[in-house]
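Taken together, the values in this text are just the output of simple stated rules run on the coordinates, not laboratory data. In this text the structure is predicted, and so the values were computed from the model without any measurement. Note that we place each Cβ from the backbone using ideal geometry, even for glycine, and neighbour counts take in every protein chain shown.
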Amino acid sequence: MTLRKKKLGARGEQIAINYLQRQGYKILERNYRNRLGEIDIIARQGTYLVFIEVKTRSDTLFGSPLDSVTTAKQRQLSKVALEYLSRKECFDHPARFDVVGVQLKEMDATRLQDVKIDLVQNAFDFSYGYE
């Protein structure tokens, strides 16, 4: 991954966190990693434990940010989330997956009009399938 893409992703995640906090989400963890993969943000909203994938794009040449959360990505996120639930012993809490799409017109995107944010709550169910 190039440095530019890393910066773009980090900027998008920070924008998403600020947005989610304004929407009432309490951020619990960022960039949670285990041997199965990574979840960008883990938060609580009301009674829900929410696993959040953030996708950031500077253009829509290859589709919207939301289009890149494929079935394979959903399976991988599900595996990481199940390990998290097991490790934290919180299977008794309702959980869901949200996806945040961030489109930046400029790399810095310091002005609000330079940013488009799409939040899809309960974007997909836990996926248990294997390929």
* **Unsatisfied cross-links (Cα-Cα over 23 Å) in the set Lys7/Lys88; Lys7/Lys116; Lys55/Lys88; Lys55/Lys116; Lys88/Lys116** => Lys7/Lys88; Lys55/Lys88; Lys88/Lys116
* In the range 51-67, which residues have a backbone nitrogen under 16 Å from the label point lying 7 Å from Lys7's Cα in the Cα-to-Cβ direction? -> 57-59
* Structure fact -> Scattering profile of the chain from the Debye formula, Cα beads only, expressed as log10 I(q)/I(0) at q = 0.09, 0.10 Å⁻¹, is -0.25, -0.31
* Structure fact -> Helix 3-22 sits off the longest principal axis of the Cα atoms of the chain, rounded to the nearest 10 on a 0 to 90 degree scale, by 70 degrees
* Ranked highest first by the average count of other Cβ atoms within 10 Å around their residues, in what order do 9-22, 80-93 fall? -> 9-22, 80-93
* Could you list Val100, Val120, Val69 in order of exposure, starting from the residue whose Cβ has the fewest other Cβ atoms within 10 Å? => Val120, Val69, Val100
* Structure fact -> Longest principal axis of the chain (C-alpha) makes with the long axis of helix 71-88 (C-alpha) an angle, in degrees to the nearest 10, of 50 degrees
* Added length on full extension, which subtracts the Cα-Cα distance from 0.36 nm per residue, Glu89 to Asp67 -> 4.7 nm
